[in-house]
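This report refers to the structure that appears directly beneath it.
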Amino acid sequence: MKLPNPVNKNNALNAQHVCYMGTTGSCKTTAIRKLKLIPKSAQVVMFDPYAEHSEQRLEGLKVVPCASFSEFYQRAWYGRKQRKPFRLALVNQERSRDNLERFAQMVWSLGDGQHAHELHCVIEELAKCTNNTAKLDGVAGELWTGGRGFGLVMHATFQRSQEVPKTVLDESKHIYIGAVSSKRNARYIADYYDVPYESILSLKGCHEREHLGKGKYADYILKSPGIGNHRQGKIYPAR
């Protein structure tokens, strides 16, 4: 199926891409739903192979799972025409480069720089769908490098920054940093984003606080544009 190109390029739109990095238990997926980097007014699509967002609420609206590419695209295309907020997730698909590219082509075709609602696109565990850490090729890469002008805002989760294309690291304006798995990973992040090394090492995941029950939380650092512009916080997955 030949899909249309995005329309109405608008260079006045701000870059807002986000990446979320951290080991298991760092609450990356929870951060997508709770940090309010996706506004209530946004239209949202997700590449969510393990259905981690399915039926969850994101800024007041439930995430609707789509079990096939055709169902996903029909719902997304209709939602864009309706010009109302929605939340859709493509679920239970193999985490492969081909599937990511197919999903990206669909999202790219929905871009519109003059649309009343931004289209936020979430890709869960990006590193497992890519095989090149230097550059994200194809339309998937174009979402990151050219999506801004068509009202597309990208979000990606992954465990180690060394495993994802530098396209994603360089184009992201907001970076969620959770607990890391090694000093080497902490050093890489500290050098790449100019965040204090010791602060990264001090971060703990919620799995280290299981004894707190529903009160367990994960530490994080949120890096925003500008040198030295970062803040530390806590995120509670059960609240």
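None of the figures in this text is laboratory data; all of them are computed from the coordinates on show. Note that the structure is a prediction, hence the values are computed from the model and not measured. Here Cβ is always computed from backbone atoms with ideal geometry, including for glycine, and neighbour counts include all displayed protein chains.
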Restraint check, Lys166/Lys234; Lys135/Lys214; Lys40/Lys223; Lys135/Lys223; Lys40/Lys216, Cα-Cα greater than 30 Å:
Lys135/Lys214
Top mean-square fluctuation among Cys19, Cys206, Cys121, Gaussian network model of the chain, C-alpha springs under 10 Å?
Cys206
What's the exposure ranking of Thr133, Thr24, going from fewest to most Cβ atoms within 10 Å?
Thr24, Thr133
Looks like the range 41-153, by Cα gyration tensor root eigenvalues a ≥ b ≥ c and the a/c under 1.5 rounded cutoff (else prolate when a/b is bigger than b/c, oblate otherwise), is oblate
Report, in whole Å, the centroid distance computed from the Cα atoms of the range 216-239 and the range 68-90.
31 Å
Using 1/(1 + (r/R0)^6) with R0 = 30 angstrom and r between the beta carbons of Arg57 and Gln114, what's the FRET efficiency to the nearest 0.05?
0.55
Could you check the simple spin-label distance between Val7 and Lys183, using points 7 Å along Cα→Cβ, in nm with one decimal?
5.7 nm
Taking the DSSP beta bridges in the range 18-235 as the whole, what percent of them are antiparallel, to the nearest 5?
30 percent
For the chain, modelled as a Gaussian network with Cα springs under 10 Å, which listed residue fluctuates most, Val164, Val44, Val195?
Val195
Can you list the residues, at least 5 places off or on another chain, whose amide H is less than 5 Å from the amide H of Thr23, using H built in the peptide plane?
Ala179, Val180, Ser181
Does the chain classify as rounded, prolate or oblate by the C-alpha gyration tensor (a ≥ b ≥ c root eigenvalues; a/c under 1.5 gives rounded; else a/b over b/c gives prolate, otherwise oblate)?
prolate
Using Cα positions and a limit of under 16 Å, work out the lysines in reach of Lys183, with same-chain residues fewer than 8 apart set aside.
Lys204
Report the chymotrypsin sites (Phe, Trp or Tyr not before Pro) located in the range 48-104 that are in a DSSP loop and have at most 16 other Cβ atoms inside 10 Å of their Cβ, or state none.
Tyr50
Considering the chain as a Gaussian network with a 10 Å cut-off on Cα pairs, which listed residue, Ala186, Ala12, Ala127, attains the greatest mean-square fluctuation?
Ala12
